[in-house]
Amino acid sequence: MSDEGSLSQLRVPLERLQRLDPIRTWKVEVRADQLEEVKTPLRIGDVFVPSHHPVVVDVVLAKVSEGVAVNGTVVANWVAECSRCLRTIEGDALAQVEELFEENPREGESYPLGDEFLDLAAMVREAVLLELPVGVVRCPNTQECLEAAPEYASAKRKSGDEAEDSERRDPRWAALDELTFEEE
Ligand SMILES: [Zn+2]
């Protein structure tokens, strides 16, 4: 990894773009709370990026006549509570960014280009928020989720005497309990 790659900063010094041999890529990993400083936590409804989770920014910078074009990806790992079984689920928000930074930014169109720095924070933040899932969030595996749902567990408890046992068992294996094997 180059020295540019290891810089854990969202502020790109413009001087680096103006050198004879300018940097072209900016790959950094920051903690989500570095983006919270801008405004509020990275959250849409019940889906959020925990403060300590990494947000990976991998972009290509190009000087253009209007300013600096920034293209690449932003990836953040979100968590949420499954709306049916209430277990914690997680996923990656992968955002493609294609933005322009210019001296006189246009509202909703481009981002401001500072005198010395190109600050990626607002762009990264907005990119992540746009990719967080909205609406009802549930486990990817419907069968497991159904069996781990509180209604299912309580129904099973009423029907049998293995309540304590089923509580202790990892719900992820519940589906396996249903399987029967023909051979030894
Ligand atoms: Zn679930």
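Side notes on the structure shown:
- Qualifying positions in segment 10-50 - of a type in the set (A, V, I, L, M, F, W, C) and surrounded by fewer than 15 Cβ atoms within 10 Å (Cβ to Cβ): 20, 38
- Count of segment 78-116 residues which are buried (at least 16 other Cβ atoms within 10 Å of the Cβ) and in a strand (DSSP E or B): 12
- Where a residue in segment 123-148 is more than 23 Å from residue 75 (Cβ to Cβ) and its partner, wherever it lies, is part of a helix (DSSP H, G or I) and near the ligand (Cβ under 10 Å from one of its atoms), with Cβ under 6 Å and at least six apart: 148/171
- Every residue from segment 51-77 that is surrounded by 18 or more Cβ atoms within 10 Å (Cβ to Cβ), under 9 Å from the mean Cα position of the chain (by Cα) and not aliphatic (A, V, I, L, M): none
Yes/no per residue for (1) touching a Leu at 6+ places or on another chain (Cβ under 6 Å); (2) under 26 Å from residue 83 (Cα atoms); (3) at pLDDT 70 or above; (4) within 12 Å of the ligand (Cβ to nearest atom):
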site	(1), (2), (3), (4)
114	no, no, yes, no
127	no, yes, yes, no
131	no, yes, yes, no
138	no, yes, yes, yes
143	no, yes, yes, yes
158	no, yes, no, no
165	no, yes, no, no
173	no, yes, no, no
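- Qualifying residue in segment 94-113 (condition: within 30 Å of residue 154 (Cβ to Cβ) and small (Gly, Ala, Ser)): no
- Entry remark, segment 81-109: residues being modelled with pLDDT of 95 or more and within 13 Å of the ligand (Cβ to nearest atom) number 0 in total.
The values are calculated or read from the model by the stated rules, or taken from the named source; none is laboratory data. Quick caveat, the model's predicted, so the values are computed rather than measured. All Cβ positions, glycine included, derive from the backbone under ideal geometry; neighbour counts span all protein chains shown.
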